[in-house]
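Read the structure below first, then the notes.
The values are calculated or read from the model by the stated rules, or taken from the named source; none is laboratory data. Just so we're clear, the structure is a prediction, and the values are computed from it rather than from any experiment. In this analysis, Cβ positions are derived from the backbone assuming ideal geometry, glycine residues included, and neighbour counts consider all displayed protein chains. The protein model used for the area step is the full one, side chains on, heavy atoms only, and it has no ligands, DNA or RNA in it. Shrake-Rupley method; radii C 1.70, N 1.55, O 1.52, S 1.80 Å.
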Amino acid sequence: MVGGWWSPAVGLSGIGLVAALEVERTDAGREIFFNVQQPWAVYVFMATLVGLLVYGFGRHAGLWLLGKPTPGLRLHPRHRVRNAMRLGLGQEKLRRDPYAGVMHWCIFSSIVVLTFVTAQVALDADLSIHFLQGNYYLFFSFYGDLFGVIGLIGVGMALNRRYFDSYRRLRWDERLEDHLVLWGLALILLSGFAVEALRIGATELAEHESWARWSFASYGIAKLVEVFEFRDGQLLGAHTWAWWTHVVIAFGWLGLVVFTKLDHLFFAPANAYLLRTDAPGRLTTIENIEEREIFGVGQVQDFTWKQLFELDACVRCGRCTSVCPANLAGQPLSPMHLIQDLKAHLANVGPELQRVGHAGGDQRAVATVAMVGEVIKDETLWACRTCGACVQECPVMIEHVPTIVDMRRYLVMDEARVPATAQAALENMEVRGHPWRGTALTRDSWMEGLEDVPMFDGSQEYLYWVGCSGALVERNLPITRSVFKLLREAGASFGVLGQEETCNGDPARRLGNEYLYQILAQQLVETFKAKNVQRVITNCPHCFNTFKNEYPQFDGRFEVFHHTEFLARALGEGRLRPQHRVDSSVTYHDSCYLGRLNDVYDAPRQILEFLPGAAVQEMARSRSRGLCCGAGGGNMWQEEVGERRVNHVRAEEAVGTGAESVVSNCPFCIQMFEDGIPAIQPEEEGRMRAFDIAELLDQAVFGRNGSGAGGGESVR
Amino acid sequence: MHLVVCAKQIPDPETPPAAFRIDSAKNEVIPAQGIAPVLSPYDAQAAEAALRIKEQSGDGKVTVISLGKESAQAAIKQVLAMGADEGVLLSADEFQGGDSYTTAHALAAAVKKLGDVDAVFCGRQAADWDMGQVGVGIAEELGWPSAIIAKDVKADGGSFVVQRVLADGFETVKMAGPAVITVSNELGDPRYPKLQQIMQAARKTVTTWTPGDLGLQPGEIGAAGARLKLEKLFQPPAGGDVQIMEGDTPADQAKALARALRDAKII
Ligand code: SF4
Ligand code: SF4
């Protein structure tokens, strides 16, 4: 929280304050524009700066306003203010990289406090309310110096990272401004100390050394300078020079706010306020889709203004790209470059669009390069897993995923440019109600050998939703059976839909076919309502996310549980008793749609703790930093383009733990591991195995041969 | 240029084996529950070939014709969404129960009624019965030249240059229009329709023609006109008989296998 960040600063200042109050009342103070002629020039600078800010931000705003209205911004103002405080001022995300967190806090707090210091000087001088006197003056001198030093520490850390560290992400898109901003800041702070030290040397040192000590750093420098025994005149001359240098650089630097990434000073907290307040796993609905002419985002003006606004907030820190699974696998997607390319494109075509817009012309006809296809390549958009890792890391709260999906929507619905395999999946959903082209299984196949599978008829408490992958992909049938047996063993009142299940539309939505998604979703919401479904247990985190977060958009409100949530609770309540040892070292893979996008990290780990004999070995990337298996965002149905495949990267990480099995909670993850592990471990002997957590629990409860009370099929 | 695409709606060829049933008493396929019929995949490729020519020529028109039940509207709409301009459904009880001959006869009558047609595109065969007769049948009825199993078709003035797939290579033929061309899967994936087109297609009305509209007599079409009689329709019983060849070494096992095969008069 904000407090966490400020406590060191507040603490240190507090000590200073107490100390200042402890000393006798004093008549300490100083003349403000001491030794400086024409101080009015400062006000000319000030006016220029304000003018520049107004002009610069005005231009930005003009570009943002090319966008469409942003729905939902009026909702949840309190939540938004909290976001602005926590994520904006409190910089919560920055701390995910602790070095950068400390560094940025030092710089940020120093700028804020020193601006406050300078403002007080200005007030004192101009309004002739002389409050920089007495004890407060001493305290003021103290914290001014303190935050100067803090600022220098931060700048030092930043210089180190930019020039000496082997840190790569900062160099992915390094520009002149990055150096200017940093050195500018260093010079402001150093010249600030020079001014203060020279002033002290010329005045206080001789007359009131006890006051001077409060400006502890400057005092130290002054003492050093004293050694050289300059004449007063020389000190005064140097002071004047240092003062003007300080002022000119400071204003110059502030001017950079308009032209460089420094604008994040304003844009980051603002973007935190604008950040969505609903579930991160939810995509926006295209309202009245039948009446629209353009369905996705093909040109900049099709974005919402918030989407355009956040392009300006990006500071090119590279965090998003450094965690992007596609990028890690050498595939043609870097979320940072995507945002920067869009930003450059907006600057490029924006003015002409504005002109045409004002003249009442047709903005679509403004001939420019194609944003989707040329500026942002098709393969870039297709490579995204919608895993949300970029959004999770972005310190200025940019939401890449909706922006990427909006452009996919354009590709699919407006341009019909779809990779062949994805097209096959989409057509299959349309024609056959599931994405698994060519499956030889039916939605009943998993029930073979199980007795009395109850059909859901509205009288049971839960609907057990098997899902297309749970029913129609060979590898997943044992998972479906395990969950079924465990639900029964736990005494749950539940039923299944069998042949009446149809795809809930999630792959269509992720692949950009919102129209197909809406048709499938509306149908299923109707079915659920007709059957009086209230609570749903799903096998698959994608179904889970869709029912939980997206169906309310279609007035389908159900209580939704992933099987891990239900099973963890049943274990906790003693309704499932694992008696058989599973003796195995396992590593747990967080699926993106259960973990990062829905915050379910603990339930699966609780289940693992209940497994007798299972030793859990976490991967370096886990929980909110978990790496996608590669299948998300419809990539299950696409050929991957690039150096490596994402599932190979992740399988390598899993194998690297030395565990015997990798455990997950998602049929797609399991398939990706089954496919990826042999590429990393070509030898079949001792090869890592991939399981759904329910399969392991099944072994623990019923034994390896499924001999427990639930009976039925054995687990393979 | 006016191009016609013949499209057939068939039971889903991807119906899982477990869901595929036959009523042997009636000699009929029982429609699988919950599995909707689809446009025969080769016909989608035929549509793709026609649409490419329409685009190439700049001012073409594509009409899609289907002979079938009312449900075949869906197949027609699908081709309309891909970019065809008009749809015609030949539907009436009298059309039911026909064979390749009566189908070709009825479709040819429809092409004649349309009048100004430059080429007819069919799939190389329908993916249900896999007969591959209707395309050439239409050509015969109309007295037009035909080229079958095409992987590429280009219009060249009033002629068509067709690349055909042979058993051991390709062959390029040029024939004067009007002509009939049957298209194979080697042509490439049919296009994915834009949403705008899907919606326009949904709003289009499909014309229905009955035998009367085509000037066909009841005896010429449907079961009455069919020249092919279906004797028996059945599902071969699934399963097998496995015999494991004993032997200490692979060589012994191979010998045992050879002996068994000779005993069975296979080698
Ligand atoms: S959502 Fe995941 S795959 Fe897509 S850009 Fe972000 S990090 Fe990369
Ligand atoms: S989008 Fe966010 S995380 Fe990515 S480079 Fe820009 S500021 Fe950094």
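Which residues, counting only those in segment B:5-39, are more than 14 Å from every other protein chain (Cβ to nearest Cβ), over 28 Å from B:M82 (Cβ atoms) and in a strand (DSSP E or B)?
Those that are more than 14 Å from every other protein chain (Cβ to nearest Cβ), over 28 Å from B:M82 (Cβ atoms) and in a strand (DSSP E or B): B:I22, B:D23, B:E28, B:I30.
I'd like to check something: does segment A:442-453 contain any residue that is in a helix (DSSP H, G or I), more than 10 Å from every other protein chain (Cβ to nearest Cβ) and within 17 Å of A:M672 (Cα to Cα)? If you could, list the steps in order and put the result at the bottom.
Start the filter on segment A:442-453 by keeping residues that are in a helix (DSSP H, G or I), which leaves A:445-447.
When the remaining residues are screened for being more than 10 Å from every other protein chain (Cβ to nearest Cβ), the result is A:446-447.
Filter once more, keeping what is within 17 Å of A:M672 (Cα to Cα): none.
Within segment A:442-453 (the criterion being in a helix (DSSP H, G or I), more than 10 Å from every other protein chain (Cβ to nearest Cβ) and within 17 Å of A:M672 (Cα to Cα)), the answer is no, since none of the residues qualifies.
Looking only at segment B:42-71, which residues are assigned to a helix (DSSP H, G or I), farther than 16 Å from B:V120 by Cβ and touching a Lys or Arg at 6+ places or on another chain (Cβ under 8 Å)?
The one that is assigned to a helix (DSSP H, G or I), farther than 16 Å from B:V120 by Cβ and touching a Lys or Arg at 6+ places or on another chain (Cβ under 8 Å): B:Q56.
Which numbered condition in (1) out of contact with any Cys (no Cβ under 8 Å at 6 or more places or on another chain); (2) at pLDDT 95 or above is the only one that A:L520 fails?
Just one mismatch for A:L520, condition (1).
If you check every pair at least six apart or on different chains, which have Cβ atoms under 6 Å apart with a residue in segment A:320-348 that is under 13 Å from A:F309 (Cα atoms) first and a residue that is near ligand 2 (Cβ under 9 Å from one of its atoms) and open to solvent by 40 Å² or more (accessible area, probe 1.4 Å) second?
none
Here's the yes/no breakdown for (1) within 11 Å of ligand 1 (Cβ to nearest atom); (2) touching an Asp or Glu at 6+ places or on another chain (Cβ under 8 Å):
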position: A:R282; (1), (2): no, yes
position: A:D302; (1), (2): no, yes
position: A:F309; (1), (2): no, no
position: A:C317; (1), (2): no, no
position: A:V323; (1), (2): yes, yes
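In segment A:461-520, which helices (runs of 4 or more DSSP H) lie fully inside it and hold 2 or more residues that are within 30 Å of the chain's Cα centre (by Cα)? Step through it out loud before you land on a result.
Details: elements: A:467-472, A:477-489, A:506-510.
Ranges flagged: A:467-472, A:506-510.
When you go through A:E609, A:E652, A:E559 one by one, which is the residue that is over 26 Å from the mean Cα position of the chain (by Cα) and touching a residue at least 24 places away in the same chain (Cβ under 8 Å)?
Details: A:E609 fails: touching a residue at least 24 places away in the same chain (Cβ under 8 Å); A:E652 fails: over 26 Å from the mean Cα position of the chain (by Cα).
From the options A:E609, A:E652, A:E559, the qualifying one is A:E559.
Within segment B:174-185, does at least one residue satisfy the condition of being in a helix (DSSP H, G or I) and in the same structural domain as B:L51 (by TED's automatic domain parsing)? Working first, answer last.
We begin by selecting, within segment B:174-185, every residue in a helix (DSSP H, G or I); these are B:185.
Subsequent filtering for residues that are in the same structural domain as B:L51 (by TED's automatic domain parsing) retains B:185.
Checked segment B:174-185: at least one residue is in a helix (DSSP H, G or I) and in the same structural domain as B:L51 (by TED's automatic domain parsing).
Here are A:G298, A:G357, A:G350: which of them is more than 16 Å from ligand 1 (Cβ to nearest atom) and in contact with a strand residue (DSSP E or B) (Cβ under 6 Å, 6 or more places away or on another chain)? Break it down stepwise before answering.
Details: A:G357 fails: in contact with a strand residue (DSSP E or B) (Cβ under 6 Å, 6 or more places away or on another chain); A:G350 fails: in contact with a strand residue (DSSP E or B) (Cβ under 6 Å, 6 or more places away or on another chain).
Every option except A:G298 fails the conditions.
Pull out all pairs, ordered by first then second residue, where Cβ-Cβ is under 7 Å, the residues are six or more apart or on different chains, the first lies in segment A:426-438 and is under 19 Å from A:G632 (Cα atoms) and facing chain B (nearest Cβ under 10 Å), and the second is basic (K, R) and surrounded by fewer than 21 Cβ atoms within 10 Å (Cβ to Cβ).
Close Cβ pairs satisfying both conditions: A:N428/A:R437.
Given the structure, is B:R259 surrounded by 11 or more Cβ atoms within 10 Å (Cβ to Cβ) and among the basic types (K, R)?
Details: surrounded by 11 or more Cβ atoms within 10 Å (Cβ to Cβ): yes; among the basic types (K, R): yes.
Spelling it out, B:R259 is indeed surrounded by 11 or more Cβ atoms within 10 Å (Cβ to Cβ) and among the basic types (K, R).
Just a yes or no: is a residue in segment A:669-679 within 16 Å of ligand 1 (Cβ to nearest atom) and surrounded by 24 or more Cβ atoms within 10 Å (Cβ to Cβ)? Quick ask: steps written out before the conclusion?
Looking only at segment A:669-679, we keep the residues that are within 16 Å of ligand 1 (Cβ to nearest atom), and these are A:669, A:672.
Those still in the list that are surrounded by 24 or more Cβ atoms within 10 Å (Cβ to Cβ) too: A:669, A:672.
Yes, segment A:669-679 contains at least one residue that is within 16 Å of ligand 1 (Cβ to nearest atom) and surrounded by 24 or more Cβ atoms within 10 Å (Cβ to Cβ).
Which condition does A:P351 not pass, out of (1) open to solvent by 30 Å² or more (accessible area, probe 1.4 Å); (2) out of contact with any Asp or Glu (no Cβ under 7 Å at 6 or more places or on another chain); (3) farther than 27 Å from B:K194 by Cβ; (4) within 16 Å of ligand 2 (Cβ to nearest atom), if it passes all the others?
(4)
Please pick out the residue among A:L187, A:L159, A:L182, A:L224 that is of a type in the set (A, V, I, L, M, F, W, C), open to solvent by 50 Å² or more (accessible area, probe 1.4 Å) and at pLDDT 90 or above. Reasoning before the result, please.
Numbers: A:L159 fails: open to solvent by 50 Å² or more (accessible area, probe 1.4 Å); A:L182 fails: open to solvent by 50 Å² or more (accessible area, probe 1.4 Å); A:L224 fails: at pLDDT 90 or above.
Just a single option satisfies the conditions, and that option is A:L187.
Considering only residues that are surrounded by 20 or more Cβ atoms within 10 Å (Cβ to Cβ) and either assigned by TED's automatic domain parsing to the domain that holds A:R59 or among the polar types (S, T, N, Q) (or both), look in segment A:329-348 and name the one that is farthest from A:N647 (Cα to Cα).
A:S334
Taking the conditions exactly as written (within 14 Å of chain A (Cβ to nearest Cβ), over 19 Å from B:D152 (Cα atoms), touching a residue at least 60 places away in the same chain (Cβ under 8 Å) and open to solvent by 20 Å² or more (accessible area, probe 1.4 Å)), does B:A74 satisfy them or not? Break it down stepwise before answering.
Values: within 14 Å of chain A (Cβ to nearest Cβ): yes; over 19 Å from B:D152 (Cα atoms): yes; touching a residue at least 60 places away in the same chain (Cβ under 8 Å): yes; open to solvent by 20 Å² or more (accessible area, probe 1.4 Å): yes.
So B:A74 passes the test.
Just to be sure I understand, how many residues within segment A:596-616 are out of contact with any strand residue (DSSP E or B) (no Cβ under 7 Å at 6 or more places or on another chain) and either surrounded by 24 or more Cβ atoms within 10 Å (Cβ to Cβ) or β-branched (V, I, T) (or both)?
3
Give me the residue from segment A:168-179 that is away from ligand 1 (no atom under 16 Å from the Cβ) and buried (at least 16 other Cβ atoms within 10 Å of the Cβ) and, out of that set, farthest from the other protein chains (Cβ to nearest Cβ). Break it down into steps so the answer makes sense when it comes.
Residues of segment A:168-179 away from ligand 1 (no atom under 16 Å from the Cβ): A:168, A:170-171, A:174-179.
Remaining after also requiring buried (at least 16 other Cβ atoms within 10 Å of the Cβ): A:170, A:178.
Working: A:L170: 41, A:D178: 43 Å.
The selected residue is A:D178.
Failed condition for A:T368, given (1) at pLDDT below 95; (2) within 10 Å of ligand 1 (Cβ to nearest atom); (3) of a type in the set (S, T, Y), with all others met?
(2)
Within segment A:666-688, count every residue that is of a type in the set (D, E) and either under 19 Å from A:P604 (Cα atoms) or not in a helix (DSSP H, G or I) (or both). Working first, answer last.
Quick first cut of segment A:666-688, residues of a type in the set (D, E) only: A:674-675, A:683-685.
With the extra rule that they be either under 19 Å from A:P604 (Cα atoms) or not in a helix (DSSP H, G or I) (or both), the set shrinks to A:683-685.
Result for segment A:666-688: 3.
Does B:A147 count as without any contact (Cβ under 8 Å) to a residue 60 or more places away in the chain, of a type in the set (A, V, I, L, M) and under 21 Å from B:S57 (Cβ atoms)? Don't jump to the end; show me each part of the working.
Working: without any contact (Cβ under 8 Å) to a residue 60 or more places away in the chain: yes; of a type in the set (A, V, I, L, M): yes; under 21 Å from B:S57 (Cβ atoms): yes.
Answer is yes for this residue.
Of all residues in segment B:178-208, how many are within 14 Å of chain A (Cβ to nearest Cβ) and among the hydrophobic types (A, V, I, L, M, F, W, C)?
6
Mind checking whether some residue in segment B:151-171 is in contact with a helix residue (DSSP H, G or I) (Cβ under 9 Å, 6 or more places away or on another chain), in a helix (DSSP H, G or I) and of a type in the set (D, E, K, R)?
no
A quick yes/no check of all residues on (1) away from every other protein chain (no Cβ under 14 Å); (2) crowded, with 21+ Cβ neighbours inside 10 Å; (3) within 16 Å of ligand 2 (Cβ to nearest atom); (4) outside any helix (DSSP H, G or I):
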| site | (1), (2), (3), (4) |
| --- | --- |
| A:C317 | yes, yes, yes, yes |
| A:C320 | yes, yes, yes, no |
| A:N327 | yes, yes, yes, no |
| A:Q392 | yes, no, yes, no |
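Going by the conditions given, is A:M407 touching a strand residue (DSSP E or B) at 6+ places or on another chain (Cβ under 6 Å) and either assigned to a helix (DSSP H, G or I) or buried (at least 21 other Cβ atoms within 10 Å of the Cβ) (or both)? It would help to see each step written out before you state the result.
Numbers: touching a strand residue (DSSP E or B) at 6+ places or on another chain (Cβ under 6 Å): yes; either assigned to a helix (DSSP H, G or I) or buried (at least 21 other Cβ atoms within 10 Å of the Cβ) (or both): yes.
Yes, satisfied.
Please pick out the residue among B:D116, B:D128 that is over 22 Å from B:P11 (Cβ atoms), assigned to a loop (DSSP other than H, G, I, E, B) and modelled with pLDDT under 95. Please lay out each step first, then the result.
Values: B:D128 fails: over 22 Å from B:P11 (Cβ atoms).
It is B:D116.
Please find, among A:A508, A:A530, the residue that is open to solvent by 10 Å² or more (accessible area, probe 1.4 Å) and of a type in the set (A, V, I, L, M, F, W, C). Before the answer, list the steps.
Numbers: A:A508 fails: open to solvent by 10 Å² or more (accessible area, probe 1.4 Å).
Answer to the selection: A:A530.
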